[in-house]
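In what follows, a single structure is set out as structure tokens and then discussed.
The values are calculated or read from the model by the stated rules, or taken from the named source; none is laboratory data. Note that the structure is predicted; figures quoted are calculated from it, not measured. Here the Cβ positions follow ideal geometry from the backbone for every residue, glycine too, while neighbour counts run over all protein chains shown. Just so you know, the surface numbers come from the protein's heavy atoms only, side chains and all, with ligands and any DNA or RNA stripped out. Shrake-Rupley method; radii C 1.70, N 1.55, O 1.52, S 1.80 Å.
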Amino acid sequence: MAKKDAPPRWDRKMQQRLARGEAAALGELYDRFASLVYSLAHRVLGDDRAADGITREVFAHVWEHPDTYDPKTGPLRTWVASLTHRLAVQRLRATETAALAQGGQGSAEELERKVRHAAVAARADYIVQAMPAPLRAALESAYFQRRDYRQTAVDLGVTEDEARRRLRLGLQLLSTAHDTATPGAPPEYGGAV
């Protein structure tokens, strides 16, 4: 059995393949994570073209600097999400700062509030996408279909206790989106960069 802190095999192999310059590895990585990267960038920037640009930047960075990912520090998915978040926040700050410099509405405090809000939203999206399917299904039933825990239990074919458990766990995970995107949070994924 593998050590608990050993990185997943796929992540190690992918990093090695990228370091060797295998174009097929980049394609595989893109297929697996492009929708995540785009949705996180779009959540932060609120713009299709800007999200496309960030998506290109993320995969260009991965291709040009595969050695910046260390499988021992965590999953490749988290590293890609963190890179996306950092680049999107940099783009948001640059765009908003340029607008302020040109006499646009707002202030530096508003910019930071906007960045924090975008960070929380992007982290929440990431959490929902990364959570186990049973938790995600329960939250989607409750939120999008406006079902209570009893209706959710029927929809999912589980007991009411199980539906409540799934909803509680899902909401607990989502609550961390705000906790880690507050000022003073460590500069990791979700923190205001």
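Roughly how many Å² is the accessible area per residue of segment 9-130, as a whole number, for a 1.4 Å probe? Display every interim value, and only then the final one.
Numbers: 6560 Å² over 122 residues.
Value for segment 9-130: 54 Å² per residue.
Pairs of alpha-carbon atoms within less than 8 angstrom and 6+ residues apart define the contacts here; what relative contact order does segment 133-180 have, in percent?
Details: 34 pairs, mean separation 19.4, N = 48.
Relative contact order for segment 133-180 comes out at 40 percent.
What length, rounded to one decimal in nm, is gained on full extension from residue 133 through to residue 110, with 0.36 nm per residue of separation minus their alpha-carbon distance? Between residue 133 and residue 110, full extension yields an extra 4.7 nm.
Students sometimes get this wrong: rank 33, 144 by accessible area, probe 1.4 Å, all chains present, largest first. Display every interim value, and only then the final one.
Values: 33 10, 144 150 Å².
Highest to lowest solvent-accessible surface, that is 144, 33.
When only DSSP loop residues count, what chymotrypsin sites (Phe, Trp or Tyr not before Pro) in segment 52-102 have their Cβ near at most 10 other Cβ atoms within 10 Å? All intermediate terms of the calculation are to be shown ahead of the outcome.
On the way: sites: 59, 63, 69, 79; in loops: 69.
Counting only loop positions with at most 10 other Cβ atoms within 10 Å, none of the chymotrypsin sites (Phe, Trp or Tyr not before Pro) in segment 52-102 qualifies.
Computed over segment 9-130, the range of Cα coordinates on each principal axis works out to 49, 27, 24 Å, biggest value leading.
If you filter segment 1-77 for trypsin sites (Lys or Arg not before Pro), then keep DSSP loop positions with at most 10 other Cβ within 10 Å, what is left? Walk me through the intermediate numbers first.
Numbers: sites: 3, 4, 9, 12, 13, 17, 20, 32, 43, 49, 56, 72, 77; in loops: 3, 4, 20.
Sites meeting the loop and neighbour criteria: 3, 4, 20.
Put simply, the Cα atoms of segment 133-180 extend 34, 19, 17 Å along their principal axes, the longest span coming first.
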